[in-house]
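Let me begin by presenting the structure, written as structure tokens, before commenting on it.
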């Protein structure tokens, strides 16, 4: 038995083409999103496109007649009269599908639904990334009108009123044109046979756990002609031939797919929707353990957090070496050009050793020699980070893989509730930061400076407001990276007549730089003021404030500082 439909970029690409042929030009009466059942329905004159976006389901089907999705809690969007489907598309090598709408038009039939909204609906986006399935209704201005699962992740805010930002696009090779044989050999020939599946999934477009084994065949255990045979199988699948829908019999169960796969048994169906519907009848395995949805959501959130952590650490690791070399080079230029820079300057342009010039950002409170030593010290910190980060990346990846395995077993009914709870811990402890768990955690992370002062760092834009205006005192110091999106930072300080020690203030500024978009810069300007001088404009979006009487520190965002200063979240409040 199968445990829900799995989507890869190839399946989504073919599904978009089939839906485009079926839906283009049809008048849309309503779009309904039901967060309770995780389902979305597009209602037309003579039928409904219904999509179950629960990870344990995933069935999309065309149903003749009216929609039954009108329960309490359903959000119903009624587009302008006569709005039709303009096209259905999927970006290359992406698990994202866009149903674009074209006004005008009308439908006067009364619709039953819990909540109805009239809006300039222009597009419905279905995101099918692993463990993060979602549906988002967009207005003509690109803002979100409604979302099936409100969330904030990877710098994206999926909430009504926010501008919609697509997930980061795939960078795998062969998304637009399949790899040629030489590129295939260059990419996979260097990998030992047991590592080729991992290489294939990470670097070759339209490959996935659904088709990788069939594509590689014996190339996963041997060299020579096996790699050439694997290339032919790769081309037969990823060159996007005419659809030939099947329900494949994989080890994990029934799986709809737009094409047959080599040496994989399966049955042919007239359309891909037929294949999805047929496979969907097998999504409820007999005797499966029912893990509560709340526990699954917490597990999903924790996996997403670990993915973000590993990606952030990997980015820092990739940049650490070049940044260390760049900072060291700037310091060398400062010392090699005495008299060009002077104390009080914020930047200087210096002649490079190989021609041209290099612009160097300076701390105006320091002499040129002191600025050079500051740059050398920052370079050494990046060197240390480059040495420490691989182990931290590996730890995050191992934890993510372990939790992903638990999630997969929970979805197929073979993991117990106790096993899931043990993997993620009790609600509110570590992990979950969305939905119910988010309310059990304070809106900030806690750190302690070398001088023993507490620093609070906002978790997201909404938490920034709560931290600044409900979890700080008027005399506390408020900090934020200048002209860069990031967290509000509060340095706890009760004395109204004196400023905190310079070292503590600098460490708080470093945390503000690290929790901002400027964290990969060599030097970051961080504004600070007393919290009593920070105000919230009327009707301003979450996180937007206006600070007054601002002063500025220039700091180097040291990645090691966050770990050194962090207070464990299971440690009580002061």
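The values are calculated or read from the model by the stated rules, or taken from the named source; none is laboratory data. No experiment lies behind these values; they were computed from the predicted model shown. Quick reminder, even Gly has a Cβ in these numbers, built from the backbone with ideal geometry, and neighbours come from all protein chains shown.
A count restricted to the range 9-24 and to residues that are more than 30 Å from residue 203 (Cβ to Cβ) and part of a helix (DSSP H, G or I) stands at 3. When the range 25-53 is filtered for residues that are free of Cβ contacts under 8 Å to residues at least 60 places away in the same chain and in a loop (DSSP other than H, G, I, E, B), the ones remaining, listed by number, are 26, 36, 37, 46. Consider the range 297-320 and keep the residues that are more than 19 Å from residue 562 (Cα to Cα) and more than 15 Å from the chain's Cα centre (by Cα). The one that is modelled with the lowest pLDDT is 297. Checked against (1) out of contact with any helix residue (DSSP H, G or I) (no Cβ under 9 Å at 6 or more places or on another chain); (2) modelled with pLDDT of 95 or more, residue 259 meets all criteria but (1). As a summary of the residue check, residue 168 satisfies the conditions (1) modelled with pLDDT of 90 or more; (2) closer than 30 Å to residue 236 by Cβ except for the one numbered (1).
Per-residue answers, yes or no, for (1) over 31 Å from the mean Cα position of the chain (by Cα); (2) on the phi < 0 side of the Ramachandran plot; (3) in a loop (DSSP other than H, G, I, E, B); (4) free of Cβ contacts under 8 Å to residues at least 40 places away in the same chain:
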| residue | (1), (2), (3), (4) |
| --- | --- |
| 230 | yes, yes, no, no |
| 242 | yes, yes, yes, yes |
| 249 | yes, yes, no, yes |
| 264 | yes, yes, yes, no |
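Filter the range 82-108 down to residues that are more than 28 Å from the chain's Cα centre (by Cα) and outside any strand (DSSP E or B) and give me whichever is modelled with the highest pLDDT. Filtering first and then ranking leaves 83.
The sole residue among 489, 550, 546 that is closer than 27 Å to residue 143 by Cβ and free of Cβ contacts under 8 Å to residues at least 40 places away in the same chain is 546.
With respect to (1) exposed (fewer than 13 other Cβ atoms within 10 Å of the Cβ); (2) within 25 Å of residue 265 (Cα to Cα); (3) modelled with pLDDT of 90 or more, the lone exception for residue 182 is condition (2). Against the condition touching a residue at least 24 places away in the same chain (Cβ under 8 Å), under 26 Å from residue 386 (Cβ atoms) and not assigned by TED's automatic domain parsing to the domain that holds residue 325, how does residue 520 come out, does it pass? It is true that residue 520 is touching a residue at least 24 places away in the same chain (Cβ under 8 Å), under 26 Å from residue 386 (Cβ atoms) and not assigned by TED's automatic domain parsing to the domain that holds residue 325.
Of the residues making up the range 526-539, just one is touching a helix residue (DSSP H, G or I) at 6+ places or on another chain (Cβ under 9 Å) and farther than 18 Å from residue 455 by Cα, namely 536. For the range 280-296, taking the residues that are modelled with pLDDT of 75 or more and within 20 Å of residue 401 (Cα to Cα), the one that is surrounded by the most Cβ atoms within 10 Å (Cβ to Cβ) is identified as 296. Looking only at residues of the range 267-279 that are free of Cβ contacts under 8 Å to residues at least 40 places away in the same chain and surrounded by fewer than 20 Cβ atoms within 10 Å (Cβ to Cβ), we find that the one that is nearest to residue 57 (Cα to Cα) is 278. Checking each residue in the range 177-206 for being in contact (Cβ under 8 Å) with a residue 24 or more places away in the chain and under 24 Å from the mean Cα position of the chain (by Cα) picks out 202, 203, 204, 205, 206. The combined condition, being in contact (Cβ under 8 Å) with a residue 24 or more places away in the chain and part of a helix (DSSP H, G or I), is not fulfilled by residue 254. For the range 483-499, the set of residues classified as over 21 Å from residue 563 (Cα atoms), touching a strand residue (DSSP E or B) at 6+ places or on another chain (Cβ under 6 Å) and at pLDDT 90 or above consists of 493 only. Would you check if there is a residue in the range 327-336 being within 30 Å of residue 250 (Cβ to Cβ) and free of Cβ contacts under 8 Å to residues at least 60 places away in the same chain? The answer is no, given that none of the residues of the range 327-336 is within 30 Å of residue 250 (Cβ to Cβ) and free of Cβ contacts under 8 Å to residues at least 60 places away in the same chain.
Scanning the range 382-434 for residues that are closer than 23 Å to residue 514 by Cα, surrounded by 18 or more Cβ atoms within 10 Å (Cβ to Cβ) and modelled with pLDDT under 80 turns up 431, 432, 433, 434. Would you confirm whether or not the range 436-446 contains a residue that is touching a helix residue (DSSP H, G or I) at 6+ places or on another chain (Cβ under 9 Å), closer than 17 Å to residue 294 by Cβ and at pLDDT 85 or above? Checked against the condition, which is being touching a helix residue (DSSP H, G or I) at 6+ places or on another chain (Cβ under 9 Å), closer than 17 Å to residue 294 by Cβ and at pLDDT 85 or above, the range 436-446 yields no hits at all. Could we say that residue 153 is at pLDDT below 90, over 20 Å from residue 90 (Cα atoms), within 27 Å of the chain's Cα centre (by Cα) and assigned by TED's automatic domain parsing to the domain that holds residue 31 here? So residue 153 fits the description; yes. Output the residues belonging to the range 193-225 that are assigned to a helix (DSSP H, G or I) and out of contact with any helix residue (DSSP H, G or I) (no Cβ under 8 Å at 6 or more places or on another chain). Those that are assigned to a helix (DSSP H, G or I) and out of contact with any helix residue (DSSP H, G or I) (no Cβ under 8 Å at 6 or more places or on another chain): 195, 198, 202, 225. Number of residues in the range 151-176 that are touching a residue at least 60 places away in the same chain (Cβ under 8 Å), surrounded by 15 or more Cβ atoms within 10 Å (Cβ to Cβ) and under 23 Å from residue 60 (Cβ atoms) equals 3.
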